[in-house]
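*Asks:* What follows is a single structure, and I will ask about it in a moment.
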Amino acid sequence: MELKLKRIILFSQNVPRLAQFYEHVIGLRVIGTEPGWVELDAGGCAVAIHKGKSTIGSRPPKIVFYSPDVAATRAELIERGMTGLGSVKSAGTFQMCDGRDIDGNAVQISSRT
């Protein structure tokens with residue numbers, strides 16, 4: 001199993017405004033949009049803006065690792081000692097599994113490309 005950092009998700013009540021900041025001020029290129037979601041190319045990792053409460057500390061960024069087989073990766077991580085992983089969920093076009101690292105930071109395994 002090889003995990004690579006795929007995207008960091010930032011939550012915002014105003015997705016278009018924050019996405020425009022990352023596009024026009026920071027200079028990132030938009031690579032995908034869906035309702036409540038804008039993804040920008042940041043080189044080896046994407047920055048995604050997701051509709052949601054953005055109060056610092058109550059919904060911090062989430063680190064997302066790509067895996068083509070979320071269920072198998074989840075099982076291997078549990079075998080390696082990771083606790084706190086939720087079940088694998090389908091979002092229609094991709095699978096995901098949310099959890100927390102040992103400090104409580106939000107992490108996700110996702111097959112979203």
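*Asks:* Counting only Cα, what are the radius of gyration and maximum Cα-Cα distance Dmax of the range 24-75, in Å?
*Replies:* In order Rg, Dmax, the Cα atoms of the range 24-75 give 13.5, 41 Å.
*Asks:* A further question on this structure: At 0.36 nm per residue, minus the direct Cα-Cα distance, what do residue 25 and residue 41 gain on full extension? Give it in nm, one decimal, please.
*Replies:* Between residue 25 and residue 41, full extension yields an extra 4.4 nm.
*Asks:* In square nanometres and to one decimal, what's the mean projected area of the convex hull around the Cα atoms of the chain?
*Replies:* Result: a mean projected hull area of 7.2 nm².
*Asks:* Could you pull the Rg and Dmax for the range 45-108, using just the Cα atoms, both in Å?
*Replies:* In Å, with Rg to one decimal and Dmax whole: 12.5, 34.
*Asks:* Quick check on the chain: of the DSSP beta bridges with both residues there, what percent are antiparallel, nearest 5%? Mind showing how you got there, number by number?
*Replies:* Values: 22 of 32 bridges.
Once the DSSP bridges in the chain are tallied, antiparallel ones form about 70 percent.
*Asks:* From the residues 77, 46, 35, which one has its Cα farthest along the dipole of the chain in the positive direction, the dipole being from +1 and -1 charges on Cβ of Lys/Arg and Asp/Glu about the Cα centre?
*Replies:* Going by the charge dipole, the pick is 35.
*Asks:* Still on this structure, please answer the following. What relative contact order, as a whole-number percentage, does the range 4-110 give when Cα pairs under 8 Å and 6 or more residues apart are counted?
*Replies:* After rounding, I find 26 percent.
*Asks:* Find the centroid of the Cα atoms in the range 11-73 and in the range 86-108, then give the distance between the two in whole Å.
*Replies:* Centre-to-centre (Cα) distance: 15 Å.
Every number in this text was worked out from the coordinates using simple rules, so none of it is lab data. Since we're looking at a predicted model, the values are computed, not measured. Glycine also receives a Cβ, built like all others from the backbone with ideal geometry; neighbour counts cover every protein chain displayed.
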